[in-house]
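Participant: Before we start, here is the structure in question, set down as structure tokens.
The values are calculated or read from the model by the stated rules, or taken from the named source; none is laboratory data. All values derive from a computational prediction rather than experimental measurement. Backbone-built Cβ (ideal geometry, glycine too); neighbour counts: all protein chains shown.
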Amino acid sequence: MKKSKKHSRVKFLCAVLLCALLGGSLSACQVHESDEAENPKYVIGVVTKSRSSEYWMSVCSGMEKAASDLGVKVIIMSPDTETDEKTQQQMIGSLLKKDIDALAVSPINSHNAKGYLKKAEEKGIQVVSYDTKILEKGVPYIGIDNEKVGRELAQYMAAQMKKKGLVGIISGNLKQSSHASRLKGFRDYIDKNTDIKIAFTESGYSNLRMPEKEISRLMREHPDLNGIFATSAVTALGIMEYLGDRPVLIATVDAQEDALDAVKKGKIGALAYQPGYEIGYETVRYIVNQKEGKKQPEQKIIQADLKIKPQK
């Protein structure tokens, strides 16, 4: 049944009120409900890490499509940035007060989940993690194998650098298991299989650009740098723009069309293409299958294709 304008206004005002209760403005607090299926089988609460990047928008689109296809409803809440752990925790708490059947979380802090997992268990609400693991026993995960991705990008860079030289690492927040696992996979391969030296490791750039003054400092301190591994494509794009035509090999991760375009143009060496739409879709499908009693693996691993710049 088509919603009335009055219903839409009420829904919007509820979102405004919810943001106010969370202590944020509309710009810092995004709430979205999928078009309601008639008598939805399940209501799924979703908390993302952000909705400000192309990757996160594609994750949400995949969830909304799955909800439409499978006859369920999703309520998606998103903090403004991937660094706002406090707001994300408040959003999780808010959803757990609603009449939901399941909760999907991509945690800003993979280690700080005990509190909301306990509340969910008390209410009989199943919890899954997606994109980034919740590091607690028994919580399912839907997403790419981040450690494998780190190894594959290290292998690519090592081959291009003939297993010698200097690389730097610029990582997202290491409280997030996705970034920590990419970093681990990359370092392990470099340390065990090459003579490449890791010149520096900087962290804290989760879907954020590194300030130019910081990139400039690193390049001054390491003028012989041959490559940079960035665990986020947004970060890599900022580095690429700063470096211009300097012969520094860049490898990164995510589903960003501008990053993919940079690979095609040879400005980024390799991109592990993390399919946000598929991760979003499969997260909702996983929950529905689980609710319907279908046997599910504890991890649903989604393939991340490696995109490599054209060879001359």
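Participant: Restricting attention to helices (runs of 4 or more DSSP H) lying wholly within segment 108-202, give those where 1 or more residues are under 23 Å from G238 (Cα atoms) and touching a strand residue (DSSP E or B) at 6+ places or on another chain (Cβ under 7 Å).
Facilitator: Fully inside segment 108-202 and qualifying: 146-160, 177-193.
Participant: Please go through segment 43-59 and pick out each residue that is closer than 23 Å to K133 by Cβ and either in a strand (DSSP E or B) or in contact with a Lys or Arg (Cβ under 6 Å, 6 or more places away or on another chain) (or both).
Facilitator: I44, G45, V46, V47
Participant: Counting only residues that are in contact with a Pro (Cβ under 9 Å, 6 or more places away or on another chain) and farther than 16 Å from Q176 by Cβ, which one in segment 47-69 is surrounded by the most Cβ atoms within 10 Å (Cβ to Cβ)?
Facilitator: Step by step, filter segment 47-69, then rank; the result is A67.
Participant: Okay, next question. Which members of segment 64-84 meet the condition of being assigned to a strand (DSSP E or B) and among the hydrophobic types (A, V, I, L, M, F, W, C)?
Facilitator: Just the residues of segment 64-84 that are assigned to a strand (DSSP E or B), to begin with: 73-79.
Answer for segment 64-84, where residues must be assigned to a strand (DSSP E or B) and among the hydrophobic types (A, V, I, L, M, F, W, C): V74, I75, I76, M77.
Participant: Taking the criterion of being touching a Phe, Trp or Tyr at 6+ places or on another chain (Cβ under 7 Å), modelled with pLDDT under 95 and under 17 Å from R182 (Cα atoms), would at least one residue in segment 221-238 satisfy it?
Facilitator: Within segment 221-238, one or more residues are touching a Phe, Trp or Tyr at 6+ places or on another chain (Cβ under 7 Å), modelled with pLDDT under 95 and under 17 Å from R182 (Cα atoms).
Participant: Go over the candidates E292, E241, E257, E282 one by one and state the one that is surrounded by fewer than 16 Cβ atoms within 10 Å (Cβ to Cβ), touching a residue at least 60 places away in the same chain (Cβ under 8 Å) and not basic (K, R).
Facilitator: That would be E257, the only listed residue that is surrounded by fewer than 16 Cβ atoms within 10 Å (Cβ to Cβ), touching a residue at least 60 places away in the same chain (Cβ under 8 Å) and not basic (K, R).
Participant: Would you please name the residue that is surrounded by the most Cβ atoms within 10 Å (Cβ to Cβ), looking only at residues in segment 114-149 that are closer than 13 Å to E298 by Cα and among the hydroxyl-bearing types (S, T, Y)?
Facilitator: Going through the qualifying residues, I end up with Y130.
Participant: Filter segment 295-311 down to the residues that are free of Cβ contacts under 8 Å to residues at least 40 places away in the same chain and either touching a strand residue (DSSP E or B) at 6+ places or on another chain (Cβ under 9 Å) or among the charged types (D, E, K, R) (or both) and list them by number.
Facilitator: K295, D305
Participant: Out of all the residues in segment 73-91, which are hydrophobic (A, V, I, L, M, F, W, C) and surrounded by fewer than 23 Cβ atoms within 10 Å (Cβ to Cβ)?
Facilitator: If the condition is that a residue be hydrophobic (A, V, I, L, M, F, W, C) and surrounded by fewer than 23 Cβ atoms within 10 Å (Cβ to Cβ), then I75 is the only one that fits.
Participant: Search segment 295-305 for residues being at pLDDT 95 or above and surrounded by 15 or more Cβ atoms within 10 Å (Cβ to Cβ), and hand back the single one that is farthest from V47 (Cα to Cα).
Facilitator: Out of the qualifying residues, it is A304.
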